[in-house]
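**Q** Let me begin by handing over the structure; questions about it come next.
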Amino acid sequence: MLVVCLVLTAAAAAVVRWGGLASPGPVVRAALRATAQLAAVSAVITAVLASLPLTVGFLVLMAAVATGTSAARTGTGRRGAWVGVAILGGALPAVALLVLGGLVPVTGIALVPVGGILVGGAMTATTLSVRRALDALRDRHGEYEAALALGFTEPDAVRELVRRPAAEALLPALDQTRTVGLVTLPGAFVGMLLGGAPVWQAGALQLVVLLALLAVEAVAIVVVVELVARGFVRRASQEEELRLT
């Protein structure tokens, strides 16, 4: 397994460099970080799953890391903490609904993987929607000024510019949901089958997870649009630019 992992990492780094996409450094660092993190999680996961307080703490850690990762990727600096509102705004209600509906038991073995899937989906949607929204606000600044001249309020002017670009962040979740079973067999489905669950039960759980992800990411994107429109999420350069408008 170690040899295969090394070969795959080297191949990814070589292709990225050969294709002129980026330096191979980020690929290698990501692989090393994933190795270290999985090793650390493997060492503590038994204790975490056996304790409900530790499970809750682990979920909080997941949300904090997701917020930090999204903030770093979006270049929002000190305002990056606000992206956590979008991540939790989508994931927290979904987890609560699944628990209250009896679909996910209040145990570590159930909460950690489901919570991780939903927080991860919210993080991805948040990162993509923030980047696209802020890029649109930068590239279409003239349209923003024109909207203000026509009498739009600042939030309304920003919403008109960023809604469609931000909505593109939902496309991966839509495609995954539309092609499940035909293109991909997601982890929850395969995991349950390997664990001996009936096919129908594995399929039902996977459907719930996919639809929850779709809802989580949609909420996260809507929250991002509002955060950008109200000025809570900005890049430092854009803050100065908008103040001078």
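**Q** Hey, rough spin-label estimate for Leu61 and Leu100, points 7 angstrom out along Cα→Cβ, what's it come to in nanometres?
**A** 2.9
**Q** Then there's this: Roughly how many Å² is the accessible area per residue of the chain, as a whole number, for a 1.4 Å probe?
**A** For the chain, the per-residue accessible area is 57 Å².
**Q** Something else about it: Taking the Cα-to-Cβ direction at Val4 and at Thr179 and moving 7 Å from each Cα, how far apart do the two end points lie in nm?
**A** Each label point is offset 7 Å from its Cα along the Cβ direction, giving 2.3 nm.
**Q** Counting only protein heavy atoms and a 1.4 Å probe, tell me what percentage of region 45-109's accessible area is made up of carbon and sulfur.
**A** On the way: 2720 of 3550 Å².
Ligands and nucleic acids excluded, carbon and sulfur reach 77 percent.
**Q** Just subtract the alpha-carbon distance of Ala81 and Ala14 from 0.36 nm times their residue separation and send over the number in nm, one decimal.
**A** 20.7 nm
**Q** Give me the net charge of Leu161's neighbourhood, meaning all other residues with Cβ under 12 Å from the Cβ of Leu161; Lys, Arg count +1, Asp, Glu -1.
**A** That sum, taken over residues with Cβ under 12 Å, equals -1.
**Q** Rg and Dmax of the chain, Cα atoms, in Å?
**A** 20.3, 64
**Q** If you line up the long axis of helix 108-139 against the longest principal axis of the chain, both from Cα atoms, how many degrees apart are they, to the nearest 10?
**A** Long axis of 108-139 versus the principal axis of the chain: about 20 degrees.
**Q** Quick one: net charge around Ile87, please, counting Lys, Arg +1 and Asp, Glu -1 for every other residue with C-beta under 15 Å from its C-beta. Before the final figure, lay out the partial values.
**A** On the way: positive: Arg73, Arg79, Arg131; negative: Glu217, Glu226.
Value of the local net charge: +1.
**Q** Based on the Cβ-Cβ distance from Ala110 to Asp135, what FRET efficiency comes out when R0 is 35 Å, to the nearest 0.05? Please list the in-between numbers first.
**A** Details: r = 38 Å, r/R0 = 1.09.
After rounding, the FRET efficiency stands at 0.35.
**Q** Kindly identify region 1-134 as rounded, prolate or oblate by the Cα gyration tensor criterion: order the square roots of the eigenvalues as a ≥ b ≥ c, call it rounded if a/c is under 1.5, otherwise compare a/b with b/c, prolate if a/b is larger, else oblate.
**A** Here region 1-134 falls in the oblate category.
**Q** Taking all protein chains together and a probe of 1.4 Å, list Leu213, Leu52, Leu2 from the most accessible to the least accessible. Don't skip to the answer; put the middle values down first.
**A** Numbers: Leu213 20, Leu52 80, Leu2 125 Å².
Reading off the accessible areas and sorting them downward yields Leu2, Leu52, Leu213.
**Q** Here is a follow-up. With springs only between Cα atoms under 10 Å, which of Leu137, Leu49, Leu97 fluctuates most in a Gaussian network model of the chain?
**A** The residue that fluctuates most here is Leu97.
**Q** Hey, if we sort Ser70, Ser23 by accessible area with the 1.4 Å probe, largest down, what's the order?
**A** Heavy-atom accessible area, descending, gives Ser23, Ser70.
**Q** While we're looking at this one, here's another question. Which order do Ser42, Ser129, Ser51 take by accessible area at a 1.4 Å probe, largest first?
**A** Ser42, Ser51, Ser129
**Q** Angle, helix 25-50 long axis vs. longest principal axis of the chain, Cα atoms, 0 to 90°, nearest 10?
**A** The angle comes out near 50 degrees.
The values are calculated or read from the model by the stated rules, or taken from the named source; none is laboratory data. This is a predicted model, so every value here is computed, not measured. Because the Cβ atoms are built from the backbone with ideal geometry, glycine has one as well, and the counts that use them run over all protein chains shown. Note: areas computed on protein heavy atoms with side chains; ligands, DNA, RNA excluded. Shrake-Rupley method; radii C 1.70, N 1.55, O 1.52, S 1.80 Å.
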